[in-house]
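Structure first, then comments.
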Amino acid sequence: MLYAVISDIHANFVALREAFRIIGGSDVDRIIVAGDIAGKGPQPFETLELLNSKKVVAVKGNSDEKFVKSRSVKNSLTKNQKKLLQWLGGLPTVAFQEFGIMICHGSPLGTTDYIYPSVTGPALQRKFHNRTMPRVLCCGHSHIPFVGKVGDVLVVNAGSVGRPIDGDPRGSLVLLDVDGADARGEVVRFGYNLKKLESVMIGEGYSSKQVRAFIEGRRAV
């Protein structure tokens with residue numbers, strides 16, 4: 001079974017469309033979304049509609065929780081936008097797939113917790129608290145893509161499709177191949193139309209600093 005794991009899109013619809021172009025050419029069986037779909041970026045509802053149409057397996061992240069709360073009080077939403085907002089708000093914070101795969105945003109402890117590449121076996125085990133540890137843990141939140149075996153768990157952090165912070169403006173995703181007892185993943189970095197994103201963000205009233213942070217792949221100043 002080949003999975004595409006994506007996370008931290010942050011309403012960057014331009015980057016998401018390119019991610020799906022890559023996924024479509026990779027014989028992927030299922031798409032996992034590890035949260036932070038909306039929030040911060042310029043095209044949240046376009047992003048939500050595309051994901052909703054793909055029948056993805058998704059969890060919500062901390063930015064999604066904030067987005068739902070802020071938008072649910074607005075009276076200007078269309079019927080379709082309300083439906084998409086309801087879909088986002090109804091996503092779980094932890095989900096499971098076959099082959100012992102657990103999906104979360106930050107960690108099993110919560111949407112704002114982090115799992116970094118430096119995590120040790122004992123530290124990872126504490127993040128599961130009373131939960132049974134899975135074979136594969138798919139997560140995001142840190143925006144740092146990596147795949148690594150930590151103890152008996154393969155940790156798959158998909159990084160960020162639409163909001164990299166490591167100085168590399170390319171988006172990231174992970175192709176996760178689960179074959180019987182074997183599970184392995186590969187980080188894929190991809191470029192997309194940054195000029196298009198810049199144009200969309202300027203049109204939506206984003207400041208030059210906010211635009212530069214997106215298109216330069218770094219933290220906001």
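In this structure, is Asn80 at pLDDT 95 or above and either more than 18 Å from Val155 (Cβ to Cβ) or hydrophobic (A, V, I, L, M, F, W, C) (or both)? Spell out the reasoning first.
Details: at pLDDT 95 or above: yes; either more than 18 Å from Val155 (Cβ to Cβ) or hydrophobic (A, V, I, L, M, F, W, C) (or both): yes.
For Asn80, the condition - at pLDDT 95 or above and either more than 18 Å from Val155 (Cβ to Cβ) or hydrophobic (A, V, I, L, M, F, W, C) (or both) - is met.
Screening Ala95, Ala158 for residues that are out of contact with any Phe, Trp or Tyr (no Cβ under 7 Å at 6 or more places or on another chain), farther than 22 Å from Phe13 by Cα and not polar (S, T, N, Q) leaves exactly one candidate, Ala95. Among the residues making up region 113-124, those that are crowded, with 19+ Cβ neighbours inside 10 Å and not in a helix (DSSP H, G or I) are Ile115, Val119.
For region 163-203, give me each residue that is in contact (Cβ under 8 Å) with a residue 24 or more places away in the chain, in a helix (DSSP H, G or I), buried (at least 17 other Cβ atoms within 10 Å of the Cβ) and out of contact with any Pro (no Cβ under 6 Å at 6 or more places or on another chain). Hits for region 163-203 are Leu194, Leu197.
Grab the strands (runs of 3 or more DSSP E) fully contained in region 1-97, keeping just those with 1 or more residues being within 30 Å of Arg184 (Cβ to Cβ) and of a type outside the set (A, V, I, L, M, F, W, C).
Values: elements: 2-6, 30-34, 57-59, 94-97.
Strands (runs of 3 or more DSSP E) meeting the threshold: 2-6, 30-34, 94-97.
Against the criterion of being in contact (Cβ under 8 Å) with a residue 40 or more places away in the chain and assigned to a loop (DSSP other than H, G, I, E, B), Ile103 does not qualify.
To keep it simple, each residue is scored yes or no on (1) on the phi > 0 side of the Ramachandran plot; (2) crowded, with 22+ Cβ neighbours inside 10 Å; (3) of a type outside the set (D, E, K, R).
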site	(1), (2), (3)
Ser7	no, yes, yes
Ser26	no, no, yes
Arg30	no, no, no
Lys74	no, no, no
Leu91	no, no, yes
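State whether the residues of region 38-46 include one that is touching an Asp or Glu at 6+ places or on another chain (Cβ under 7 Å), within 16 Å of Ser160 (Cβ to Cβ), at pLDDT 95 or above and surrounded by 16 or more Cβ atoms within 10 Å (Cβ to Cβ).
yes
Take Ser160 and decide whether it is buried (at least 17 other Cβ atoms within 10 Å of the Cβ), outside any loop (DSSP other than H, G, I, E, B), touching a residue at least 24 places away in the same chain (Cβ under 8 Å) and in contact with a Gly (Cβ under 8 Å, 6 or more places away or on another chain). Spelling it out, it is not the case that Ser160 is buried (at least 17 other Cβ atoms within 10 Å of the Cβ), outside any loop (DSSP other than H, G, I, E, B), touching a residue at least 24 places away in the same chain (Cβ under 8 Å) and in contact with a Gly (Cβ under 8 Å, 6 or more places away or on another chain). Of the conditions (1) surrounded by fewer than 14 Cβ atoms within 10 Å (Cβ to Cβ); (2) in a helix (DSSP H, G or I), Lys127 fails just one. Which one is it? Every condition holds for Lys127 apart from (1).
With the structure loaded, tell me whether Thr47 is polar (S, T, N, Q) and touching a strand residue (DSSP E or B) at 6+ places or on another chain (Cβ under 9 Å) or whether it fails that test. No; evaluated as a whole, the condition is false for this residue.
The values are calculated or read from the model by the stated rules, or taken from the named source; none is laboratory data. From a predicted model like this one, the values you see are computed outputs, not experimental measurements. Ideal geometry is used to build each Cβ from the backbone, glycine not excepted, and the neighbour counts take in all protein chains shown.
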